[in-house]
Structure formats: C-alpha cells, structure tokens
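Nothing in this text is a laboratory measurement; each read-out follows from the coordinates by a stated rule. Given the structure is predicted, the values throughout are model-derived calculations rather than measurements. Using ideal geometry, Cβ is built from the backbone for each residue, glycine included, and neighbour counts are taken over all protein chains shown.
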Amino acid sequence: MIDHLDPNVIEHCRNVLVQYSNWIHGLPNGNNEETAEGIREVAGIMAAFRDCYNRTERIHECAGSQCGEDSILAELLPDQRGIYIDIGAGEPVQCSNTWAFYERGWRGLLIEPLPEHILQLVRYRPGDAVFPVAASNRTGAVPFYSDGTVSSCLQGWSKTAPKSPMAVECMAIAEILDMPDFQCYRNECSLCSIDVEGHESAVLSNLPWDQFSPEVFCVEYRKYETDRLGDDISAEWEPILIENGYRLHATTALNKIYVLGAQGTVDTEEAEEIEEKNMEPESNATL
C-alpha cells in the first residue's frame, strides 16, 4: 500500500471518495447480485483510498519532532551539513527528531530493530545507514515487546503491549559504534537522538565516552503511557550525561536536550521560556 502521496493526489482521492459515496447512496434497494457486487467493489476502493489518505495526513501533520525539538536543535546546530546518530529511530518521517536534519542535507546512522520501521527507513532515508538491531549494553538475542509503532526491550514497559514478545538481535552500543563501517559516524557525530522506551540507562552507560562526544543529545525522558504523559524517569540516566560534561539546555513535553560543556547552560528566564513554549505535545503525538 502506498503510504506517502503528493498533496494533489490526496485531494483527488478525497474527490473520488465523495463521488463514489454519492453513487452508492443513489443505488436502488433490492437483491440484485450485480448491484451488491458493485457496492462491495466500490467499498473496497473507498477503504483503500481512505486508508491511504488518512495515513498520509498523519505523516504530514507530524513530520519531524513531536514537540518542536527539531526547532531547538536547529538553533543549536545550524550547519547545512552534519552527522547524527538516531538510536531507536522508529519511523523515518513521523515523530522523528532527525528528519528535519535529513532534509537539510545531514546524514547519519539509524539504529532500529522493528522490521516494519526498517523497511520504511531504507525507503525514505536512502542517504542514511540503517542498522537493524536493538541497542543496549549487551549483545545477543533479546525478547522485544511491541505496542503499535512503539517498542522496548523491557517487559512490562507498556500496559497494552502483547505479553508474548518477538525475538530481535541486540548489540551493545559501544560495539555498534566500533564497527568499521560506523566509526566515521561515531567520530563525527554532532547530534545523538535516543528514544528507547525506558532503556536509556543501558544505552548511555555503554557509550564509548572516550571516543564519542556529540555536541547535542536529545533524549526521551518519560515513561510510556497510552492515555497521558508518563512520569519523568530522567533521574535514572541524567547523571551519566552530567558526568560526561553535558548540561540541560531545554525540556519539551517528551524530550530533554543536553549540550556539551558551557554551551549547555542557559539563564533561568530563557530556560523557562523554552520549556513553556515546548511543553505541549502535538494533538496526534505518539507518546
């Protein structure tokens, strides 16, 4: 199924839906098998168009970060070219902290274990390197719990995730970044985005801090909840960033942004303005 269309095509689909809907409602009642078959066929076409239209709309509505993180990151990293590493990359466009950078000309390493996301990343981010594993502090097969488009290595991380996990390949992040093909990303990285649903401590504790020092980290800090913003769990892993020279720069409804060295300190008034501006997530945000 096509899941990304030009806006002109979307408008055409909308018009077709209206025409087919009017045609169906104008059909006479009865048991005519030909009419019934026609209705079923048109209903299928309408469903396909509607599915395509709805999913395309969602991509456009939330292209990039959910809570304005990419705007803050763009101010910190204004260069037209650069390198990012996206750990727990998820979808290529929707709710992605690195999509806006990709469009600007940046390139990077996307680490993502879910097969459906991997296929989308390869399709929509052909300039990036995609590594299909779960990043952690250990290597080997691990149980993986998926809840829609969100997933985690932690059992019980989601109240609605299936109890039976899938098995995915897991690698220590230090090993991943030490692979010959990925050392250039490790050495030149300016932005590291981490979204691993409660597994942040394992990832951050295993980073090769003597070789890896991006200018900016963007880390999701809330426990996953389907019906509300989850609790702040950054106390579990923030000390790792602080110990390695990072300072909190901004907080949004879902992510905390840290900057290396003195650049990370902002005065109280400015920090409050940044937080107030970005604390409300998009209405369609995936928490």
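Sort 122-128, 133-139 by packing, meaning the average of other beta carbons within 10 Å per residue, with the highest value first. Show your work: numbers first, answer last.
Details: 122-128: 14.6, 133-139: 19.4.
Packing proxy ranking, top to bottom: 133-139, 122-128.
Compute the FRET efficiency between residue 138 and residue 229 as 1/(1 + (r/R0)^6), taking r as their Cβ-Cβ distance and R0 = 45 Å, and round to the nearest 0.05. Kindly include the intermediate steps, with their values, before the conclusion.
Values: r = 30 Å, r/R0 = 0.66.
Calculated value: 0.90.
Stretched out fully, how many nm does the piece from residue 75 to residue 184 gain, at 0.36 nm a residue minus the Cα gap?
Values: separation 109, 0.36 × 109 = 39.24 nm, distance 2.42 nm.
Value of the extension gain: 36.8 nm.
By how many nm would the segment from residue 116 to residue 211 grow when fully extended, if each residue of separation counts as 0.36 nm and the alpha-carbon distance is taken off? Provide the component values of the computation, followed by the final result.
Working: separation 95, 0.36 × 95 = 34.20 nm, distance 3.18 nm.
So the extension gain works out to 31.0 nm.
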